[in-house]
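The values are calculated or read from the model by the stated rules, or taken from the named source; none is laboratory data. Since the model is a prediction, treat every value here as computed from it, not as a measurement. Counting neighbours? That spans all protein chains shown, and the Cβs are built from the backbone with ideal geometry, glycine included. Only protein heavy atoms, including side chains, enter the accessible area calculation; ligands, DNA and RNA are left aside. Shrake-Rupley method; radii C 1.70, N 1.55, O 1.52, S 1.80 Å.
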Amino acid sequence: MTDRDVLPFPAPDQDDADIAARIAALYERTPATEARQADRCARAVLAQSMHQSSRSALGVSRTRWWWGAAAAAVLITATTRPWRGVVSTQEADSAVGRAIAAATLSGTVTPSDSAVRFDLTLPTSASAVAIVGDFNGWDQNATPMASRDGTWSANIPLTPGRHVYAFVVDGKRWIVDPLAPQVPDDGYGPANAVVIDGGPQ
Amino acid sequence: MLSVTMLALAGQLLGAAMPLASGTDVEHGRPSATSAEQSGDQSGDQAQPPVTFDPTRFDSLTALSLRSFLDSAAEQGLPLGPLINRALEGAARRVSGARIMQVVRAHAAAMAEARAILGPTTPVADLDAAATALRAGVDEKALSAIRTSRPAGSVVIPLMVLTDIVQRGVPIIAARDAVTTIARMPSSDDALKGLQAAVAKNSVRGPGMAVDALNRYLRGTVSGGNPPSAPATTDRKPIRPPSP
């Protein structure tokens, strides 16, 4: 098999063939490169490239590796935004505040000489609200609350001391005043507690 | 199975035979029938409203179990009023009889522990509040500190406030120190209620805000800089939402 058979392009004419043959002959007469010399050349080129001083072209210095590192750091910082955690916390707090404001579930307990007034404002409409507690045997039918201007109220004469109570909306949903003192969920669900003054301190 | 049925029938018959009136005065929201024997309320303790055990509020097996347990609690000298209230609350919330028994037993054990800590002559209301605090995670040392802060008076309000602020995320040690510090002050119930209100209002605004509110309120109250009715946290600016 000759080179002529494996060339993928059309066969050159005779002159080109002569030239190619002479080049091949010259190449064959060229002495082989010594390994040590080739190694020395490679080391020299590498050393020169590593210790090459900064060059400038058109007044702009050639970029060096620390320039790339700085650019990468800026890019990573701008992308990940480490201060994002603070912003997220603020957003979460604001979200909680908005949710609480939107819920508008609030209750007040106003003791007086003859009774204790319980007021409850619900965020949604309800057909019936009752207050249950240890003062009425936790009976949903014992103390219904009256609605007026969106606020459910009940006046209950309570003896001095601590009372645990909760609200029942529409006979099914038990809710508590989120800001009133609460007793732990002991397996049933949360409940509120109130202490009526009268005992010695 | 037959014995269980017979026990249930016996419980129903026993419940029907004993005149345990359970009617409540709807107008006044107060139990209309009282029985010191059934409720176990101590004479002279007006802080705890009398309460009666109504077996018709429970299924027959639960009523029988409750009656047996209340008898054993009475033999141990435990007040029955708080236990009956826990049972009635469970019946009103329509939880299972097993859960009711579990809660009543746990509360009785907590009351026995509280009585051992606070003393055998502790009023029922104090025992109930202390048992609730123990079940909320308050430790024995905190209860003793509260008792020491008020050696003679009622500790219901300090215990209620302590239980509430611990539930809202304040560490027990910080809560105990704050409550005992305020409780030592004369006529400090209003200050304790103000502490609860400040912590409750701020605890919904994010983690750590409850402790922050407690510290600010304590500084303002103990140093006399701010009156207890004006919690120090009210001057805190609301957090501005980030611009979109």
| said: What are the pairs with Cβ atoms under 6 angstrom where one residue, in segment B:160-183, is closer than 14 Å to B:Gln196 by Cβ and the other, located anywhere, is hydroxyl-bearing (Ser, Thr, Tyr)? Sequence gap at least six, or different chains. | reply: B:Thr163/B:Thr132; B:Arg168/B:Ser203; B:Gly169/B:Ser203; B:Ile182/B:Ser188; B:Ala183/B:Ser149
| Scan of segment B:134-156 for residues that are farther than 15 Å from B:Ser187 by Cα, within 11 Å of chain A (Cβ to nearest Cβ) and either in contact with a strand residue (DSSP E or B) (Cβ under 7 Å, 6 or more places away or on another chain) or in a helix (DSSP H, G or I) (or both), ordered by number | B:Leu134, B:Arg135
| remark: When restricted to B:Val170, B:Val166, B:Val204, the only residue over 20 Å from A:Thr108 (Cα atoms), open to solvent by 10 Å² or more (accessible area, probe 1.4 Å) and out of contact with any Lys or Arg (no Cβ under 6 Å at 6 or more places or on another chain) is B:Val166
| remark: A careful count of residues in segment A:132-155 that are open to solvent by 20 Å² or more (accessible area, probe 1.4 Å), within 7 Å of chain B (Cβ to nearest Cβ) and at positive phi gives 0
| task | Specify which of the listed residues (B:Ala131, B:Ala74, B:Ala110, B:Ala87) is more than 19 Å from B:Asp54 (Cα to Cα), without any contact (Cβ under 8 Å) to a residue 40 or more places away in the chain and assigned to a helix (DSSP H, G or I). | result | B:Ala110
| message | For B:Asp128, only one of the following conditions fails: (1) assigned by TED's automatic domain parsing to the domain that holds B:Ile165; (2) crowded, with 21+ Cβ neighbours inside 10 Å. What is its number? | response | (1)
| query | From the residues in segment A:110-131 that are open to solvent by 50 Å² or more (accessible area, probe 1.4 Å) and assigned to a strand (DSSP E or B), which one is farthest from A:Val169 (Cα to Cα)? | reply | A:Pro111
| request: Looking only at segment A:156-181, count how many residues are farther than 18 Å from B:Gly81 by Cα, part of a strand (DSSP E or B) and either open to solvent by 40 Å² or more (accessible area, probe 1.4 Å) or at pLDDT below 85 (or both). | output: 2
| request: Could you run through segment B:74-103 and say how many residues are within 10 Å of chain A (Cβ to nearest Cβ), buried (at least 19 other Cβ atoms within 10 Å of the Cβ) and either at pLDDT 95 or above or in contact with a helix residue (DSSP H, G or I) (Cβ under 7 Å, 6 or more places away or on another chain) (or both)? | output: 10
